[in-house]
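The values are calculated or read from the model by the stated rules, or taken from the named source; none is laboratory data. Model, not experiment: these values are computed from the prediction. Neighbour counts are summed over all protein chains in view; Cβ atoms, including those assigned to glycine, are modelled from backbone coordinates with ideal geometry. Side chains are part of the model used for accessible areas, which takes the heavy atoms of the whole protein and leaves out ligands, DNA and RNA. Shrake-Rupley method; radii C 1.70, N 1.55, O 1.52, S 1.80 Å.
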Amino acid sequence: MLEVQDLHVTFTTYGGTVKAVRGVDLYVNEGETLAIVGESGCGKSVTSNAIMRLIPSPPGKITRGMIRFKGEDLVSLSEKAMRNIRGVDISMIFQDPMTALNPTLTIGTQLMEGLYEHQKVTGQEAKRRALEMMDLVGIPNPEERLKQYPHQFSGGMRQRIVIAIALICEPELLIADEPTTALDVTIQAQILELFEKIQKQTGVSIILITHDLGVVAKIADRIAVMYAGKIVEVGTKREIFYQPEHPYTKGLLRSVPRLDLKGGKLAAIEGTPPDLFSPPEGCPFAARCAYAMEVCTHVHPVKTSLSPSHQVDCWLQDERAKKLLATSSPK
Ligand code: SF4
């Protein structure tokens, strides 16, 4: 359904050009959930905004690459054509439900706005669809609630409304950017269950942007791990959780709190990500990697396929490195 190839996004600032996304390749199949995980600033939100063509220009720019959605390259579409795709074929849910909703308009008006904008519907039909969506996302007393304003809803309920607005035009792809970060843990679990239910009922594909591996473990089918503007490892949920190969992915997994391990400190990944004003020519993780070799700082690793669904960018997968490691221990 969606294929992104060699996507590059830059931001021009007074201090220089930030290379925020540096050659991202990914795809999303029909009805699946792809999670994009990584630290803040790794380029995951910029990637999703680029898919929606929501990169503010200036200062941002898609400098290279292709975003193919149902056979059409979104990068070359006019803004007018993109407006017909946004909210209709591809919808987005943002992190903070309060800022995503207009506090001056009723929930009903905000729910039906997209329908009036993109589909020729009567008032009666729009209301019927709005009530259906309220029911789908689990809002009780929908007739009554349609007339209320965002401040009359709790945080979790507001996020349900945002999801309903995103789904009302029946998009084929839903991009959810940290959809549970602003919610407390019990509400997070309910929203994740809601995503699962919606996907089962509607067949919508989902790109889930998150730094929370707990969220990923619950609903992702495949996982792309991003670091310094690149996808460094991608695989099925099982491959990433049980057979991670990139040292960064392993570090992320080690940093997740576990109930079965008592005492001790959480394992942090030492160091900080590289400066994206002048990213390193070699592996971007080299300065933090316990396995870094001479080649890592000079040459970017080639992509290695470990299975049809599992790829990793790391010199450790090179046969020559494997021989070297067999005879020496990591630094
Ligand atoms: Fe570490 Fe080298 Fe692999 Fe990068 S390419 S993750 S520095 S071993």
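Summary table
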quantity	calculated
Flag if Val232 is at pLDDT 90 or above, open to solvent by less than 50 Å² (accessible area, probe 1.4 Å) and either among the small types (Gly, Ala, Ser) or closer than 26 Å to Ile139 by Cβ (or both)	no
Within region 191-262, helices (runs of 4 or more DSSP H) holding 3 or more residues that are in contact with a Ser or Thr (Cβ under 7 Å, 6 or more places away or on another chain) and away from the ligand (no atom under 16 Å from the Cβ)	213-219
Positions within region 85-108 being surrounded by fewer than 18 Cβ atoms within 10 Å (Cβ to Cβ) and over 29 Å from Phe69 (Cβ atoms), in sequence order	Met98, Pro103, Thr104, Leu105, Thr106
Subset of region 132-154 (residues that are closer than 17 Å to Leu194 by Cβ, part of a helix (DSSP H, G or I) and in contact with a helix residue (DSSP H, G or I) (Cβ under 7 Å, 6 or more places away or on another chain))	Met133, Met134, Asp135, Leu136, Pro142, Arg145
From the options Gly31, Gly23, residue that is under 27 Å from Arg238 (Cα atoms), part of a loop (DSSP other than H, G, I, E, B) and either open to solvent by 40 Å² or more (accessible area, probe 1.4 Å) or not β-branched (Val, Ile, Thr) (or both)	Gly31
Identity of the residue in region 285-331, among the β-branched types (Val, Ile, Thr) and within 11 Å of the ligand (Cβ to nearest atom), that ends up modelled with the highest pLDDT	Val312
Subset of region 155-171 [farther than 16 Å from Glu113 by Cα and either touching a helix residue (DSSP H, G or I) at 6+ places or on another chain (Cβ under 8 Å) or modelled with pLDDT of 90 or more (or both)]	Gly155, Gly156, Arg158, Gln159, Arg160
Counted residues, region 37-90 - those being within 23 Å of Phe277 (Cβ to Cβ), part of a strand (DSSP E or B) and of a type in the set (Val, Ile, Thr)	2
Enumeration of residues in region 264-279 that are at pLDDT 90 or above, more than 13 Å from Cys42 (Cβ to Cβ) and open to solvent by less than 50 Å² (accessible area, probe 1.4 Å)	none
Answer residue from region 292-308, given it is hydrophobic (A, V, I, L, M, F, W, C) and either assigned to a helix (DSSP H, G or I) or more than 15 Å from Pro244 (Cα to Cα) (or both) and is most open to solvent (accessible area, probe 1.4 Å) among those	Val302
Residue within region 168-183 that is out of contact with any Asp or Glu (no Cβ under 9 Å at 6 or more places or on another chain) and over 26 Å from Val4 (Cα atoms) present	yes
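Conditions tested, residue by residue: (1) on the phi > 0 side of the Ramachandran plot; (2) open to solvent by less than 20 Å² (accessible area, probe 1.4 Å); (3) within 25 Å of the chain's Cα centre (by Cα).
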| position | (1), (2), (3) |
| --- | --- |
| Val121 | no, no, no |
| Pro142 | no, no, no |
| Ala166 | no, yes, yes |
| Pro171 | no, yes, yes |
| Asp184 | no, no, yes |
| Ile187 | no, no, yes |
| Ile191 | no, yes, yes |
| Ile207 | no, yes, yes |
